[in-house]
1. Six or more apart or on different chains, Cβ under 6 Å: which pairs go from a residue in segment 102-128 that's more than 21 Å from Asn89 (Cβ to Cβ) to one that's loosely packed, with under 12 Cβ neighbours inside 10 Å? Could you list them?
2. For residues that are in contact with a Phe, Trp or Tyr (Cβ under 8 Å, 6 or more places away or on another chain), open to solvent by 60 Å² or more (accessible area, probe 1.4 Å) and modelled with pLDDT of 80 or more, tally how many sit in segment 32-57.
3. Would you confirm whether any residue within segment 56-68 is without any contact (Cβ under 8 Å) to a residue 40 or more places away in the chain, within 17 Å of Asp38 (Cβ to Cβ) and of a type in the set (Phe, Trp, Tyr)?
4. Please list, ordered by residue number, the helices (runs of 4 or more DSSP H) wholly in segment 58-123 having 2 or more residues that are open to solvent by 50 Å² or more (accessible area, probe 1.4 Å).
Amino acid sequence: KEHDKRVYNSIGYGHSNRRVTPEMECNIGYMEALFKQDMEKQDYNISKWMSDFNIRLNQNQFDALSSLCYSVGWVGLRHTRILKMIMENKSNTQEFKELWLNYDKMRGVKNNALGKRRQFEYQLWTKQ
């Protein structure tokens, strides 16, 4: 399947969908509520995937994957080599690390903030 390449506006901490418009404004409370809603959705999708494929992750791995999923989106992540390598027990390889760290682009252009975020997530992934 081809990845959904539509570009949506975002609000708050990165909440995006087709209903967000450039004119929208929000306060801290609304931003927090959107973030909580978005993270609950990502956590549900990861938990369901783990259950469906009998995957075991420690809390750090779950949190790192949840953070990556928040950035990429479950639709963008669910058919990736990253998840396949986790399922094949190959998440301790150099290839896995490189794949993870490669999610550092925004609309095809390297983004330093995303690069730092991926580094943090990968360090969290490898933490026992």
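The values are calculated or read from the model by the stated rules, or taken from the named source; none is laboratory data. Treat the numbers as computed from the prediction; the structure is a model and nothing was measured. Note that each Cβ is placed from the backbone with ideal geometry, even for glycine, and that neighbours are counted across all protein chains shown. Accessible surface areas use protein heavy atoms only, side chains included; no ligands, DNA or RNA. Shrake-Rupley method; radii C 1.70, N 1.55, O 1.52, S 1.80 Å.
1. Once the first residue is more than 21 Å from Asn89 (Cβ to Cβ) and sits in segment 102-128, its partners that are loosely packed, with under 12 Cβ neighbours inside 10 Å give Asp104/Lys110.
2. 1
3. Yes, segment 56-68 contains a residue that is without any contact (Cβ under 8 Å) to a residue 40 or more places away in the chain, within 17 Å of Asp38 (Cβ to Cβ) and of a type in the set (Phe, Trp, Tyr).
4. On the way: elements: 59-72, 74-77, 81-87, 94-101.
Per the criteria, 59-72, 81-87, 94-101.
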